[in-house]
1. Only one residue in Ala326, Ala283, Ala276 is at pLDDT 65 or above, assigned to a helix (DSSP H, G or I) and under 29 Å from Gln368 (Cβ atoms), so which one is that?
2. Of all residues being over 30 Å from the mean Cα position of the chain (by Cα) and part of a strand (DSSP E or B) in region 611-639, which is modelled with the lowest pLDDT? Just the residue, please.
3. Being touching a Ser or Thr at 6+ places or on another chain (Cβ under 6 Å), part of a strand (DSSP E or B) and crowded, with 20+ Cβ neighbours inside 10 Å is the requirement here; does Val348 meet it?
4. In region 831-870, what residues are among the polar types (S, T, N, Q) and under 14 Å from the mean Cα position of the chain (by Cα)?
5. Please verify whether region 603-619 includes one or more residues that are polar (S, T, N, Q), over 22 Å from Leu708 (Cβ atoms) and crowded, with 21+ Cβ neighbours inside 10 Å.
6. I'm trying to understand the selection: among the residues of region 451-463, which are open to solvent by 10 Å² or more (accessible area, probe 1.4 Å) and under 19 Å from Ala437 (Cβ atoms)?
7. Looking only at region 393-410, which residues are part of a helix (DSSP H, G or I) and either open to solvent by less than 60 Å² (accessible area, probe 1.4 Å) or at pLDDT 95 or above (or both)?
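The values are calculated or read from the model by the stated rules, or taken from the named source; none is laboratory data. The shown structure was predicted, so the numbers you read here are calculated from the model rather than taken from an experiment. Note that we place each Cβ from the backbone using ideal geometry, even for glycine, and neighbour counts take in every protein chain shown. Calculation scope for accessible area: heavy atoms of the full protein, side chains included, ligands and nucleic acids excluded. Shrake-Rupley method; radii C 1.70, N 1.55, O 1.52, S 1.80 Å.
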Amino acid sequence: MPFGMSVPDQRTPQSAHDAGDAHARADALRQRLKVALREAQASLDSAQETNQRLHRELDEMSRSSGRRWLVAVRQSGTRAARALRHPAWTTGTVVRGFLDTRGPATARRALAHLRRRSLPLRVSSPVRRWFAHGDESLAVRWIGPLNLRHETLEALLCHPPAGVEYRVTVPAGSRFECACALSPQVWQDHPPRVEYTIAVQVPSADWRRDVTLSIDPGSIWTDRRWHPVSIELPPVEGAIIEAAVTLSTRVAGGASIDSAWAIFGEPRFEWKRATAEVRRSIAIFGQRLRTTGLRSTLDLLKTAGITSADADAYPRWVARHTPGDADLETLAREVAALPHQPTISVIVPVYNTDPQWLRACIESVRRQAYAKWELCLCDDASPSPATVQVLREYESDERIRVHYSSLNGGISTASNHALALASGEFVALLDHDDELAPNALAEVVRHLNASPDVDVIYSDEDKLDMRGERCDVFFKPDWSPEHFLSCMYTCHLMVVRRALLNGIGGFRTGYEGAQDYDLLLRLMERTERIDHIPRVLYHWRKLPQSTASAGQTKPWALDAGRLAVEDYVKRNGIDADVVPGAAPGLYRVRRRIRDRPLVSMIIPTAGRPRDINGKPVDLLANAISSVVRKTAYDAYEFIIVADDAGVAPTTAQALEGTRHSVLRFTRLGLFNFSAKINAGAAAAAGEHLLLFNDDLEAISPDWMSAMLEYSQDPAIGAVGAKLLYPDGRLQHIGMVLGVAGLAAHAFHQHPGVSAGYAGSAIMARNYSAVTAACMMTRRKAFDEIGGFDERFPTDFNDVDYCLRLRRAGYRVVFTPWAQLYHHESASFGVRRQDLEELAEMRRRWADVIDRDPYYNPNLTRDFPDFRPDA
């Protein structure tokens with residue numbers, strides 16, 4: 001059609017009418033949308049105006065001593081009225097408060113421990129759990145200790161409608177005990193009445209007992225407490241019985257479940273001790289009192305009655321996960337069908353080995369499900385004829401080669417002689433009195449077929465006691481460089497590509513006792529392809545003279561380990577001292593700070609005092625004062641990101657004489673922690689950003705330097721600190737993913753002196769995430785990944801930030817040498833989490849949440865204390 005030529009309208013009258021109707025409907029829709037937008041904008045303006053008015057009133061309240069006095073009087077009057085209305089309740093609370101103090105509480109626990117024993121359900125794994133409206137791992141989970149009326153119990157959250165079932169073995173004559181309550185966090189939210197059902201079964205006796213109770217703390221004030229439940233098991237024949245326990249909750253009358261935070265308090269089985277056992281314990285107590293003194297005995301009493309989570313868990317794990325003969329046959333067929341069939345040379349240095357342990361060691365190799373192996377042994381001039389005789393017996397096996405040294409050269413020299421016999425593509429290291437699991441080499445070959453470029457492989461391990469029973473399992477994280485510089489955590493089983501092992505010259509003399517540590521420290525300089533198989537493939541025998549029995553058995557081995565780390569530091573040009581760590585076998589690489597870089601402390605805050613026990617406390621001023629008074633490193637600035645009202649006069653006074661900026665953060669809508677962090681970062685001048693909560697308190701002078709030691713490393717993106725509650729309990733030593741929900745603080749609320757799992761609380765360690773309550777990150781890394789994601793205004797913003805750092809190639813580190821108090825509320829372990837943020841985190845990071853590389857998959861996902869998933 002030529003340009004400019006018109007075409008007559010060919011639409012029919014009916015089609016023109018329809019088009020007119022469509023235009024009219026579209027116009028009406030646009031008008032309605034305009035009206036809705038105007039109404040939404042008016043509502044938002046009103047909410048913002050109300051928000052600002054409330055902030056002004058709160059600011060005036062915090063600045064007015066008269067108003068604060070009136071509020072305090074009102075609160076005191078309310079408490080007095082309740083006390084007069086419920087005198088028995090009040091008296092009971094006061095008595096419980098006294099009994100909960102340290103001395104009486106210790107005495108009560110010790111007496112209870114003397115008279116009876118208990119099996120808490122929290123040390124067992126549930127058979128099943130369910131939740132009618134979503135993810136049961138969030139609705140049914142252990143949340144730590146909960147204190148109600150001065151009675152503290154380990155709390156199991158069971159958000160209705162939900163339930164959980166346990167099956168345990170207990171002595172006959174036991175009784176089931178627990179308590180029920182609603183979390184204090186929802187008492188003011190008018191929660192619905194919740195019905196609790198506790199069902200206990202003994203299948204062998206065809207016996208079942210159900211108890212149901214109803215709790216309504218929103219309407220009944222005296223329901224704000226623990227409600228005890230006790231169920232006696234029936235008398236049955238036999239010493240041990242199996243019992244099933246089902247705990248379930250539901251809201252009454254179809255009410256909303258939003259605030260129905262139902263709690264079961266320390267569900268457990270208890271049984272009385274025999275009189276003879278009680279008398280024996282009293283006699284042992286008296287003997288200890290006479291031999292070790294009063295102080296040591298009192299220290300023992302403080303731990304009486306505290307249940308070990310691992311006592312029976314590992315034997316149950318072993319029973320569930322040890323492959324049987326049929327499993328091994330199937331594995332052998334599967335591995336034999338794989339395309340890559342490398343020969344694996346198992347090298348063993350031998351010296352004066354007890355014949356029974358040497359035979360057990362050799363036979364463990366001969367029993368392997370994978371057939372392409374060779375065993376290379378070197379006898380290091382053993383004076384024991386029995387040791388040599390065992391080696392002679394096995395020389396008839398063409399897969400076994402033995403070198404006999406004429407002079408004793410030590411374990412490194414003997415290992416090199418054994419290595420010289422090897423012809424395999426890979427070399428596995430085995431000590432002369434230890435054993436390989438029968439599936440060990442098969443699992444290694446399976447992994448090599450899946451990851452053909454890997455150079456070094458290590459596995460999980462356990463120990464064999466003198467009876468041959470498996471114990472002391474070590475479920476390891478995936479490759480963790482900072483963790484490895486703190487201790488030789490990879491240990492056994494270790495498999496190395498032979499060409500690479502020969503390329504670094506094998507084992508070095510002068511490092512005996514830590515020769516494997518020195519070996520891997522040199523290997524990690526040549527390759528980053530170091531993989532972990534999360535299976536127990538090695539059994540380390542606990543002999544009285546071995547390192548497996550006690551790390552201090554060989555003090556020279558600890559010195560050799562320190563020397564190996566010192567050499568690594570020198571070879572890699574790291575300006576640092578290597579000093580002993582917090583326990584034998586641990587080391588600290590104490591780096592020197594380069595060039596005194598500026599650290600910008602970004603502190604998001606509401607800017608006003610908080611009410612604590614009826615008194616206004618300016619926690620921000622306290623935090624700033626503690627930093628100024630106690631921090632040795634002085635190249636820092638404060639970036640205070642406050643609300644519109646600014647900061648309190650006490651905070652302004654605390655900032656006097658410091659380098660600081662106070663930002664008045666104005667933003668429409670709800671609170672957004674991430675936005676405040678980003679605003680603070682934009683105003684910061686430092687090379688390093690230190691995200692710092694306004695309720696922290698510095699403890700030691702070197703805390704900031706300890707974080708900066710790692711933050712200055714270009715390979716590290718974030719550094720976390722060790723945070724303690726004011727009463728000394730652990731608040732943060734790193735975060736584990738997919739545990740107790742989406743993420744949890746490792747060893748949360750455990751004693752602050754706890755070493756954690758394999759020393760994890762007392763040494764530098766890699767984690768997937770650390771809390772932004774106290775996190776240092778380099779400005780360059782922060783800008784590279786775009787700072788904090790403001791789509792996570794309240795929850796998981798720090799986890800998301802750390803995971804984006806890791807995706808960009810950075811590592812995340814926790815250091816125990818930076819210690820601070822965190823005045824965060826420690827009364828309860830659960831709070832509201834935004835469901836949209838939960839869903840977004842799962843959408844983004846489901847693979848990491850399901851398999852945290854720094855949390856072994858054989859550990860439970862119900863508790864953050866690294867116990868086996870039994």
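1. Working: Ala283 fails: under 29 Å from Gln368 (Cβ atoms); Ala276 fails: under 29 Å from Gln368 (Cβ atoms).
Answer to the check: Ala326.
2. Asp611
3. No; evaluated as a whole, the condition is false for this residue.
4. Taking region 831-870 and keeping what is among the polar types (S, T, N, Q), we get 833, 856, 858, 860.
Of everything in region 831-870, those that are among the polar types (S, T, N, Q) and under 14 Å from the mean Cα position of the chain (by Cα) turn out to be Asn856, Asn858, Thr860.
5. The answer is yes; a qualifying residue exists.
6. Once the filter is applied, which keeps residues that are open to solvent by 10 Å² or more (accessible area, probe 1.4 Å) and under 19 Å from Ala437 (Cβ atoms), region 451-463 yields only Lys463.
7. Step one: filter region 393-410 for residues part of a helix (DSSP H, G or I), giving 393-394.
The one that is part of a helix (DSSP H, G or I) and either open to solvent by less than 60 Å² (accessible area, probe 1.4 Å) or at pLDDT 95 or above (or both): Tyr394.
Rundown of residues vs (1) within 27 Å of Arg467 (Cβ to Cβ); (2) at pLDDT 85 or above; (3) surrounded by 12 or more Cβ atoms within 10 Å (Cβ to Cβ), yes/no style:
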position	(1), (2), (3)
Ser308	yes, no, no
Gln341	no, yes, yes
Ile344	no, yes, yes
Arg366	yes, yes, yes
